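S.K.: Quick one: structure below, then a few questions.
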Amino acid sequence: MTLLLTSCVEKEKAAPSIAKTLVIQPFSGISQNQVDNVSKQLRKHFRTVKISKEIDLPQSAFYPPRQRYRADSLLSFLLTNEPDQKVTVLGVTDKDISVGKNDIIDWGVMGLSYRPGRSSVVSTFRLSKTQVQEQLYKVAVHELGHASGLPHCQLKTCYMRNADGGNPLNEETGFCEKCKSYLVERNWIL
């Protein structure tokens, strides 16, 4: 099974400050314990974190040939459900998600975000089952970093590294100084 930490889609060049409010949108099937844990950890970086009521994944995002959900469609869906421009939305699911990458029509990912943007989606499907809580947090901050405009980082220990088709999350120890500085300038709490 091909793994990929993230694939960001660059929309614009200017990076906004982080939204004051992060809304976590659980999708049906995700463990409430996992949602509560990632919410607790993300409160370190956001002034306000709210958890929405669990909803079903939209059927319009389902990709039948691979039995996956298209992450880019989920990003659009999350924005439609949360029109407030001052809110960043993080969708959390346990289902397999994917995107198109280069000439690959359906590439499995752990998360996706526009760079910059207001929506991100993460999945536990490709995470280590014995370290899912820690890895879910790392994927979430990675995607939220992209939402704040941060690109991939070359340092292997940085949360913003590119997975390059694997799961290197256990090697990541935090944001590097360069990435940390970028996020602090955008009002992250670090």
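The values are calculated or read from the model by the stated rules, or taken from the named source; none is laboratory data. Just so it is clear, the model here is predicted, and its values are computed rather than measured. Positions of Cβ are generated from backbone atoms using ideal geometry, with glycine treated the same way; all protein chains shown enter the neighbour counts. For the accessible areas, the whole protein counts, side chains as well, though only heavy atoms, and no ligand, DNA or RNA atoms are used. Shrake-Rupley method; radii C 1.70, N 1.55, O 1.52, S 1.80 Å.
S.K.: Ignoring any ligand, DNA or RNA, what whole percent of the accessible area of the chain comes from carbon and sulfur when the probe is 1.4 angstrom?
M.R.: Percent of accessible area from carbon and sulfur atoms in the chain: 49.
S.K.: Can you compute the charge dipole magnitude of the chain about its Cα centre, using +1 on each Lys and Arg Cβ and -1 on each Asp and Glu Cβ, nothing else charged? Give it in debye, rounded to the nearest 20.
M.R.: Dipole of the chain, to the nearest 20 debye: 420 debye.
S.K.: On a C-alpha basis, how far is the centre of segment 110-153 from the centre of segment 47-73 in Å? Whole number, if you could?
M.R.: With segment 110-153 and segment 47-73 each reduced to a Cα centre, they are spaced 14 Å.
S.K.: Once you've got the Cα coordinates, tell me which of Lys86/Lys156; Lys156/Lys180; Lys44/Lys178; Lys95/Lys178 are over 21 Å apart.
M.R.: Lys86/Lys156; Lys95/Lys178
S.K.: Can you give the net charge of the other residues whose Cβ lies under 14 Å from the Cβ of Ser52, counting K and R as +1 and D and E as -1?
M.R.: -3
S.K.: Keeping every protein chain present and rolling a 1.4 Å probe, give me the accessible area per residue for the chain in Å².
M.R.: Each residue of the chain exposes 47 Å² on average to a 1.4 Å probe.
S.K.: Right, here's the next one. Could you work out the mean projected area of the convex hull around the alpha carbons of the chain, in square nanometres to one decimal?
M.R.: 9.8
S.K.: When DSSP assigns beta bridges and you keep just the ones with both residues in segment 57-173, what percent turn out antiparallel, to the nearest 5?
M.R.: 55
S.K.: Highest mean first, what order results for 54-66, 166-178 on Cβ atoms within 10 Å?
M.R.: 166-178, 54-66
S.K.: What nm distance separates the two modelled labels at Ile189 and Lys20, each placed 7 Å from Cα along Cα→Cβ?
M.R.: 1.4
S.K.: Right, here's the next one. Which of Leu155, Leu136, Leu42 ends up with the largest GNM mean-square fluctuation for the chain, with Cα atoms connected below 10 Å?
M.R.: Among Leu155, Leu136, Leu42, the largest GNM mean-square fluctuation belongs to Leu155.
S.K.: For segment 77-190, what is one quarter of the convex hull surface built on the Cα atoms, given in nm²?
M.R.: Orientation-averaged projected area of the Cα hull: 7.4 nm².
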